[in-house]
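Coordinate-derived values only; no laboratory data. Computed from a predicted structure; not experimentally measured. Using ideal geometry, Cβ is built from the backbone for each residue, glycine included, and neighbour counts are taken over all protein chains shown.
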């Protein structure tokens, strides 16, 4: 039995509305960014009054913090659900594919990379910081293991690979391809994965 099914009807309705608020906030953040987003925007997107919104989140900062916590939780769940026989590079590739697909669907606002105000706000959010440290440790471990096995270039420092990997998840090329190319989402994801893990050089033909 799921935790959700154990809730009372009233609590289930509250949780469903909270999820709808987080979905709306994610879409609004992706479209407007933190500075331009307002609580009025989110309330209108959900179709509720602003007082009702404040019953769930007391400020824009709290709301955005919870959006980012949910995002990191999604990444942790994705890692946890991966097949155990995947190689370290296979796991990194699968996580990046997940991130790119969520992003193409408008569900991945990479706010910390674009706003100093958001970075400062999130460093004070213990729930977010705890999860980010956990996620970073897992990804760093995969990078180090892939370097040891030769799946990734051992001549490159772990930090170079790690932060380059993070950069791929918020590469503006994704938006440009989505807006201006004739590529499908699947084609965009596959191309970005090839750029990340294979680079621009043509691979040698199979003999």
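Annotation: for a label point projected 7 angstrom from Cα along Cα→Cβ of residue 145, residues of the stretch 71-90 with backbone N closer than 14 Å are 79-90. When the alpha-carbon atoms of the chain are used, the pair Rg, Dmax equals 19.2, 67 angstrom. Counting 0.36 nm for each residue step from residue 167 to residue 136 and taking away their Cα separation leaves a gain of 9.8 nm.
Shape analysis of the stretch 100-204 places it in the oblate category; the axes a ≥ b ≥ c from the Cα gyration tensor give an a/c of at least 1.5, with a/b not above b/c.
Each label was represented as a point 7 Å from its Cα along the Cα-to-Cβ direction; for residue 194 and residue 127 these points are 4.1 nm apart. Relative to its residue count, the stretch 118-157 spans a Cα convex hull of 70 Å³ per residue. Full extension of the chain between residue 97 and residue 13 gives 27.0 nm of extra length, using 0.36 nm per residue less the Cα-Cα distance. Relative contact order of the chain: 20 percent, from C-alpha pairs under 8 Å at least 6 residues apart in sequence. Ranked by the mean number of other Cβ atoms within 10 Å per residue, highest first, peptides 74-83, 177-186, 26-35 order as 26-35, 74-83, 177-186. Exposure proxy ranking for 48, 139, 21, based on other Cβ atoms within 10 angstrom of each Cβ and starting from the fewest, stands as 48, 139, 21. Residues 42, 72, 67, ranked from the fewest to the most other C-beta atoms within 10 Å, line up as 72, 67, 42.
Please determine, in degrees from 0 to 90 and to the nearest 10, the orientation of helix 88-104 with respect to the longest principal axis defined by the Cα atoms of the chain, where the helix direction is its Cα long axis. For 88-104 against the chain, the angle is about 40 degrees. Ellipticity at 222 nm from helices only: DSSP H runs of n ≥ 4 in the chain, each -39500 (n - 2.57), divided by the residue count, give -22000 deg cm²/dmol.
The three principal axes of the Cα atoms in the stretch 42-160 give end-to-end lengths of 55, 27, 21 Å, sorted in falling order.
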